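Bear in mind that the values in this text are calculations on the coordinates, not laboratory data. Given the structure is predicted, the values throughout are model-derived calculations rather than measurements. Here the Cβ positions follow ideal geometry from the backbone for every residue, glycine too, while neighbour counts run over all protein chains shown.
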Amino acid sequence: MIDINNSLRAIISFSVIALLFVVIGTVQSWSVALTIFNLGIISAIMALGVNIQWGYAGLFNVGTMGFAALGGVAAVLVSQPPVPEAWTAGGWRLAVSIALFIAIISMVVIVYKKTTKGLIRNISITAIIVPGYFVFRFFFDPASSAIESVNPAVTGFLGGLGLPILFSWIVGGFFAAGAAWLVGKVSLGLRSDYLAIATLGISEIIIAFIKNEDWLTRGVKNVTGLNRPVPYEIELQKNDAFIGWVEWLNESALSAISADKHTALLHQMVIEHSGIFVKLCYSGLFIAVLITILMLSVKALDSPWGRMMRAIRDNEISAGAMGKNVTGRHLQVFILGSAVVGIAGAMLVTLDGQLTPGTYHPLRYTFLIWVMVIVGGSGNNLGSVLGGFLIWLVWIEAEPVGVWAIDQLTSWMDGSNPIRLHLMETAQHMRVFIMGLVLLLVMRFHPEGLLPEVVKREEGE
């Protein structure tokens with residue numbers, strides 16, 4: 001049976017969100033509204049990834065930032081053209097160092113599995129790691145230095161494969177999934193609070209690696225000008241068909257002005273409409289991904305696998321006693337959720353057109369995503385989507401609305417009044433206050449979220 005109250009609540013909630021976007025488009029601009037909308041879609045996908053881990057299995061992962069960053073790295077490695085000079089300078093030595101690294105890790109794993117716990121195992125592993133480290137650095141250090149010295153103002157890295165950036169969305173998911181497998185193998189046996197600390201620490205390590213290894217992604221020098229999966233505004237502004245479409249769309253407004261002003265106004269309209277058209281193209285791609293992931297998530301949750309995951313979440317001991325591989329299932333769902341976050345991370349870099357490692361902060365890529373899941377409704381996929389749109393919209397609009405509200409409330413004061421000046425200066429920080437207030441109100445009156453988890457029961461239960 002479908003929960004009628006939850007369905008009605010979902011309809012009302014998404015209607016309110018849609019109305020808010022219409023208000024933003026009318027009062028501010030449709031370009032702003034579409035920008036917030038596109039970022040809201042990406043946030044909703046990230047929230048779905050966290051909900052798969054927490055809502056399905058109760059895994060407290062606060063390393064979302066690292067998995068999103070790996071998706072961004074995928075966008076660079078897939079879409080950027082290779083830099084032949086960098087490959088010539090140090091590519092072969094870098095390949096040798098990577099092969100050595102893989103060989104050292106493989107040897108350690110083999111020795112660990114083939115020997116029993118004790119002194120012999122420890123000595124053997126040490127005998128592999130210590131000399132292996134120095135051999136690895138012998139090849140890696142000169143290779144990375146040579147690569148980074150190749151025209152560092154423009155390149156200074158190896159580049160990528162030069163493929164369409166849409167492929168990076170899939171690759172970003174695989175990158176995040178691979179990292180999640182490694183992290184899960186190490187940390188999923190820990191208690192939930194230790195798991196949170198471990199995932200946060202590993203996430204910071206990933207960000208530190210991306211910031212400092214210039215040979216891979218230029219580090220804090222950023223990679224800009226990534227290829228787009230949609231047209232460029234400047235191309236649309238030179239396209240006769242697009243200009244004709246804009247002229248037809250605004251025929252009444254253009255016909256009401258004199259001929260000498262017609263060309264200037266049409267040019268301005270073409271510029272505005274080109275930006276909106278590009279954002280709508282992004283919206284179409286992002287909506288397709290969101291709907292696909294949402295449908296798969298709903299199918300998975302309603303399947304026997306989903307019921308098993310909820311059983312493990314609610315009582316691990318009982319599930320283990322029934323023969324379920326709790327750790328294995330935790331690893332499985334941890335990988336799936338991280339892959340979804342990695343896809344969203346690649347989409348975000350695609351939208352921005354650049355990778356900026358310095359912008360990855362836990363507040364944006366971990367705390368906000370968790371707030372989206374909590375406010376939307378943990379365990380409810382549609383609730384995560386709602387939370388993604390709502391919280392992102394509030395986060396972005398809190399600052400301008402806060403400035404406007406403070407200005408209106410203090411309009412009776414003199415412009416030089418120190419209280420008014422102080423309030424206006426601190427109004428930009430209203431987003432943190434409002435976000436805390438929203439979270440507090442939801443936790444007080446709807447602790448299960450705006451769209452609570454719906455548990456379907458068989459007849460007779």
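A few remarks follow.
- Loop-located trypsin sites (Lys or Arg not before Pro) across the stretch 93-146 with a Cβ neighbour count of 16 or fewer within 10 Å are Lys117, with loop assigned by DSSP.
- Within the chain, longest stretch free of exposed chymotrypsin sites (Phe, Trp or Tyr not before Pro) [DSSP loop, at most 13 other beta carbons within 10 Å]: 1-231
- Annotation: aspartates and glutamates with alpha-carbon distance below 20 angstrom to Lys261 (same-chain offsets under eight excluded): Asp240, Glu247, Glu251, Glu272.
- Remark: spin-label model distance Ala99-Ala405 equals 6.2 nm, labels positioned 7 Å along the Cα→Cβ axis.
- Amide N proximity, the stretch 260-279 versus Glu251 label position 7 Å along Cα-to-Cβ, cut-off under 17 Å: 266
- Charge-dipole axis of the chain as Lys and Arg at +1 and Asp and Glu at -1 on Cβ define it, positive-most pick from Ile210, Leu254, Ser31: Ile210
- Backbone N within the stretch 173-200 under 12 Å of label point (7 Å from Ala208 Cα along the Cβ vector): none
- Only helices enter this figure: runs of n ≥ 4 DSSP H residues, each worth -39500 (n - 2.57), summed and divided by the residues of the chain, yield -25000 deg cm²/dmol at 222 nm to the nearest 500.
- For Gly337, net neighbour charge (Lys/Arg +1, Asp/Glu -1) across residues whose Cβ lies under 14 Å away: +2
- In the chain the Cα-Cα distances spread across 20 Å bins starting at 0 as 20, 48, 28, 5, 0 percent of all pairs.
- Between Glu272 and Leu421, the contour length at 0.36 nm per residue exceeds the alpha carbon distance by 50.1 nm.
- Other residues whose C-beta falls under 14 angstrom from the C-beta of Ser31 contribute a net charge of -1, scoring Lys and Arg +1 and Asp and Glu -1.
- For Gly377, the residues whose amide H sits under 5 Å from its own are Leu450, Leu451, ignoring neighbours fewer than 5 places away on the same chain, with H placed 1.01 Å from N.
- Modelled label positions at Leu182 and Ala288, each set 7 Å beyond Cα in the direction of Cβ, lie 3.2 nm from each other.
- Distance (nanometres) between label positions extended 7 Å along Cα→Cβ at Asp260 and Ala311: 8.2
- Across Lys117/Lys185; Lys211/Lys279; Lys185/Lys211; Lys221/Lys279, pairs whose alpha-carbon gap is larger than 23 Å: Lys211/Lys279; Lys185/Lys211; Lys221/Lys279
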